[in-house]
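Scroll down for the structure; my scribbles are underneath it.
No lab work stands behind these numbers, since they all come straight from the coordinates. What you see is a predicted model; the values in this text were computed from it and never measured. Cβ atoms come from the backbone with ideal geometry, glycine included; neighbour counts cover every protein chain shown.
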Amino acid sequence: MAVDYNLKVTMNEYLPLRDVVFNTLRQAILKGELEPGERLMEIQLAERLGVSRTPIREAIRKLELEGLVLMIPRKGAEVARISARSLRDVLEVRRALEELAIELACQRMTEDEIADLQLAQEDFKKAIADGDAMRIAETDEHYHDVIYGGTQNAKLIQMLNNLREQMYRYRLEYIKDSDKRKILILEHERVLKAVRERKVAEAKAAMREHIDNQEITVTRNIAEKENG
């Protein structure tokens, strides 16, 4: 059965074709254009993207390493489903790293960096007012990136950036819940206020609550999909 993938490949003269194909498929999974559980048919994907099967196969292998694709025996590749277990595993690590990051940021952020965090929060609020889920996810990510930069700890930033890729689908799933968006603004404000006042305990508590709420909401959404 033919599958009509609604994908667009954006060529980049600075990237090898295999990387362009990988980025295209990856974004399609993260944005939900390729849905959890959807089969990835090499021939159809190659035809749709106008490439040979080799870069498709290489991309699928890399996506499997990232946990975005599953290889099913005698069936082939499919987009990995979002599970409560994988969410918990990622958030347990993120919670510990974010608490360390906010503690260091409280102690080390310059006044200019705190001003940047305020600007990131303004962008986040604008994105929520506009209602574009992808833009909300991007501005939410940028808000956290400013905090990471303020830690002045290159190893911690590297670890958090590695985790970011695994977090993206969960972040988008959380942001799709429009009822939670105003709460997100308040959570960000609480973190920002604590950082500005250099109150480490308050900042860590605010960040912990921010991540706990995400886990509760996304876990509930996953359960509703499984039962629905």
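Per-structure values
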{"read-out": "Segment ARG164-SER83, extension gain: residue separation times 0.36 nm, minus the distance between their alpha carbons", "value": "27.5 nm"}
{"read-out": "Cleavage-rule hits (GluC sites (Glu not before Pro)) in region 157-216: DSSP loop, at most 15 neighbouring Cβ within 10 angstrom", "value": "GLU197"}
{"read-out": "Angle between the chain longest axis and helix 84-108 axis [Cα atoms, degrees, rounded to 10]", "value": "40 degrees"}
{"read-out": "Tilt relative to the chain, helix 200-227 - C-alpha long axis, 0 to 90 degrees, to 10", "value": "30 degrees"}
{"read-out": "Simple label model, 7 Å out from Cα along Cβ direction - GLU64 to ASP212, nm", "value": "4.0 nm"}
{"read-out": "Surrounding net charge for THR219, when Lys and Arg each add one and Asp and Glu each subtract one, Cβ distance under 15 Å", "value": "+3"}
{"read-out": "Estimated FRET transfer efficiency when R0 is 30 angstrom, pair GLU42-LYS225 (beta carbons, to 0.05)", "value": "0.65"}
{"read-out": "Gain on full stretching of the segment that runs from ASP112 to VAL93 - 0.36 nm per residue minus C-alpha separation", "value": "4.0 nm"}
{"read-out": "GNM flexibility winner over the chain from PRO36, PRO73, PRO16 (Cα, springs under 10 Å)", "value": "PRO73"}
{"read-out": "Pairwise label distance in nanometres, LEU7 with SER52, each label 7 Å out on the Cα-Cβ vector", "value": "1.7 nm"}
{"read-out": "Relative contact order computed over region 1-159 (Cα-Cα under 8 Å; 6+ residues apart), in percent", "value": "18 percent"}
{"read-out": "Rel. contact order, % - alpha carbon contacts under 8 angstrom, at least six apart, region 54-136", "value": "11 percent"}
{"read-out": "Degrees between helix 181-196 axis and first principal axis of the chain (Cα, 0 to 90, nearest 10)", "value": "50 degrees"}
{"read-out": "Over 33 Å [Cα-Cα, the chain], rounded percent", "value": "24 percent"}
{"read-out": "Region 105-214: Lys pairs at Cα distance under 30 angstrom, eight or more positions apart or on different chains", "value": "25"}
